[in-house]
Amino acid sequence: MKEEIIKKAGESFLKYGFKSVTMDDIANDLAISKKTIYKHFKNKVELVENTISYFHEMVHNTVMCVCDKEYNAIQENFEIKKIFSKVFEHADNSPMYQLQKYYPKIHLKIIKNEFSMFKDCILKNIEKGIEEEIYRKNIDKELTTKFYFSLMMSVHDTNLHTYNKNTISKLELKALEYHIRAIATLKGLKILEEQLDKNSIT
């Protein structure tokens, strides 16, 4: 039951926002009493933290599976982007911004964990692309990893962007294109153009 609550809460938080979804809403969606939720979570803050950790781990594991497949480095990035698009497909606003606004301590913890988790994946992708000669050899790998992570996080800054249908996916695609153009060889740019044609968002 605890995992069911987390899954349903996560879906609702991503779709409607962390602030607007109440414990009553989640209980009604699951056709259970609110007391049942409180048997597993002492308050909404604890539920939010558990939900974020669960989805974060799930996404990370899925990303790792993609990295184990035989994609070239640029294809791999686009496949990973599809995972995040799926997570945020029903979000008209940025869940990360809402988390930062209403649960700043949880947001700070998640950002630290996320960078720790995904920096190795980004770094390995860069090294893979260099070996495949689709990324330039003279890249500062550590700095590029930080730049790309910061760029992807900026997608969720409501001070920079106004959100509506597919905004997050479109911004993620533009951020990915910007990142790859900055480090790609001519060979890599050809692969990038092919991927952009396949992954256009309307």
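What follows is calculated from the coordinates using simple rules that are stated; it is not laboratory data. Given the structure is predicted, the values throughout are model-derived calculations rather than measurements. All Cβ positions, glycine included, derive from the backbone under ideal geometry; neighbour counts span all protein chains shown.
Assorted remarks:
- Remark: region 25-40, residue by residue, has Karplus-estimated 3J(HN,Hα) of 4, 5, 4, 5, 4, 8, 6, 10, 7, 5, 4, 5, 5, 6, 5, 9 Hz, where x stands for each Gly or Pro and the curve is 6.51 cos²θ - 1.76 cosθ + 1.60 at θ = phi - 60°.
- Sites GLU142 and LEU196, calculated FRET efficiency, Cβ-Cβ separation with R0 30 Å, nearest 0.05: 0.65
- Potential lengthening of the chain between SER20 and SER116 amounts to 31.6 nm, from the contour at 0.36 nm per residue minus the alpha-carbon distance.
- Rounded to 0.05, the FRET efficiency of the TYR71 and LYS2 pair, given R0 = 35 Å and the Cβ-Cβ distance, is 0.50.
- Set of lysines with alpha-carbon distance to LYS128 below 23 Å, sequence-local pairs under 8 removed: LYS69, LYS81, LYS82, LYS119, LYS137, LYS141, LYS146, LYS174, LYS187, LYS190, LYS198
- Under the Karplus curve 6.51 cos²θ - 1.76 cosθ + 1.60, θ = phi - 60°, whole-Hz ³J(HN,Hα) for region 107-124, x wherever Gly or Pro sits: 4, 4, 5, 5, 4, 5, 5, 5, 5, 4, 6, 8, 5, 5, 5, 5, 4, 5
- Extension gain for GLU57 to GLU133 (0.36 nm times residue separation, less C-alpha to C-alpha distance): 24.2 nm.
- Residue-wise HN-Hα coupling along region 73-85, computed from phi with Karplus coefficients 6.51, -1.76, 1.60 (Hz; x: Gly, Pro): 4, 6, 4, 4, 4, 6, 5, 5, 4, 4, 4, 5, 4
- Taking other C-beta atoms within 10 angstrom as a stand-in for reagent exposure, HIS156, HIS56 fall in the order HIS56, HIS156, fewest first.
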